[in-house]
1. Go through Ile93, Ile106 for me and flag whichever is open to solvent by 50 Å² or more (accessible area, probe 1.4 Å) and either farther than 21 Å from Val166 by Cβ or among the aliphatic types (A, V, I, L, M) (or both).
2. Can you tell me which residues in region 127-147 are within 17 Å of Pro105 (Cα to Cα) and exposed (fewer than 13 other Cβ atoms within 10 Å of the Cβ)?
3. Given the residues Asp99, Asp90, which is the only one that is touching a His at 6+ places or on another chain (Cβ under 7 Å) and under 27 Å from Leu156 (Cβ atoms)?
4. Condition test on Leu156, is it in contact (Cβ under 8 Å) with a residue 12 or more places away in the chain, open to solvent by 80 Å² or more (accessible area, probe 1.4 Å) and more than 23 Å from Asn43 (Cα to Cα)?
5. Are any residues in region 78-98 within 20 Å of Gly111 (Cα to Cα) and basic (Lys, Arg), and if so, which ones?
6. Looking only at region 109-120, count how many residues are assigned to a strand (DSSP E or B) and open to solvent by 60 Å² or more (accessible area, probe 1.4 Å).
7. Return yes when Asn19 is of a type outside the set (A, V, I, L, M), touching a Lys or Arg at 6+ places or on another chain (Cβ under 7 Å) and open to solvent by 10 Å² or more (accessible area, probe 1.4 Å) and no when it is not.
8. Note down all Cβ pairs under 9 Å where the first residue falls in region 66-88 and is at positive phi, the second is polar (S, T, N, Q) and part of a loop (DSSP other than H, G, I, E, B), and they're at least six residues apart or on different chains.
Amino acid sequence: NLSFDGEAWVCENAEVFDNARIYGNARIYGNAIVCDKARIGGNALIYDNALICDDAWVYDEAYVCGNAKVFGKARVCGNAIIRGNAVLGDNVIIEKDTDWFVVGPIGSRNGFTTFALNKDKSIYVFCGCFHGNIDEFEKAVEETYKGTKYEEEYKLAIALAKSRIVTAEVDKD
């Protein structure tokens with residue numbers, strides 16, 4: 001059920017399969033994978049080792065590259081550029097580069113943690129197997145790493161994410 005519309009193209013080692021839809025002037029190349037019910041449109045570019053899956057949409061002038069993964073019902077649009085080791089899923093909506101932040105390697109597993117604007121204008125966190133809002137993440141960090149250097153690292157990342165990502169609370173001022 002793969003669908004291509006408009007001037008969209010896929011080349012190099014990129015793969016598009018399942019019920020994915022590529023439309024407009026979208027470009028998929030490198031080793032990128034687009035699958036499941038993902039939608040890529042407008043002038044979006046998906047390249048390098050990027051993975052777009054589930055019901056995720058990437059459109060407008062957005063780019064997803066590097067080792068970035070976009071899944072769930074995530075939306076990446078506008079002029080956003082998602083790169084590096086970013087992991088965006090669930091219900092995040094990224095329209096510009098200040099809607100997300102990735103830090104790493106940090107923590108006990110020397111991994112990457114992504115903070116992103118959720119559709120309800122809160123900050124959502126993806127860290128290993130943890131997916132949840134920033135308050136839940138901070139509580140989990142305090143419970144798991146209390147008094148360790150990992151608690152300090154994650155708390156600094158949380159503070160930076162809160163200062164960088166514009167949330168509903170900041171917009172009200």
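1. Details: Ile106 fails: open to solvent by 50 Å² or more (accessible area, probe 1.4 Å).
Being open to solvent by 50 Å² or more (accessible area, probe 1.4 Å) and either farther than 21 Å from Val166 by Cβ or among the aliphatic types (A, V, I, L, M) (or both) holds for just one of Ile93, Ile106, which is Ile93.
2. Scanning region 127-147 gives Gly128, Cys129.
3. It is Asp90.
4. no
5. Of all residues in region 78-98, those within 20 Å of Gly111 (Cα to Cα) come to 82-90.
Hit for region 78-98 is Arg83, nothing else.
6. Result for region 109-120: 1.
7. Criteria met by Asn19.
8. Correct list of pairs: Gly66/Asn49; Gly66/Asn85; Gly72/Asn91; Gly84/Asn67.
The values are calculated or read from the model by the stated rules, or taken from the named source; none is laboratory data. Note that the structure is predicted; figures quoted are calculated from it, not measured. With ideal geometry, Cβ positions are generated from the backbone for all residues, glycine too; neighbour counts draw on all protein chains shown. Only protein heavy atoms, including side chains, enter the accessible area calculation; ligands, DNA and RNA are left aside. Shrake-Rupley method; radii C 1.70, N 1.55, O 1.52, S 1.80 Å.
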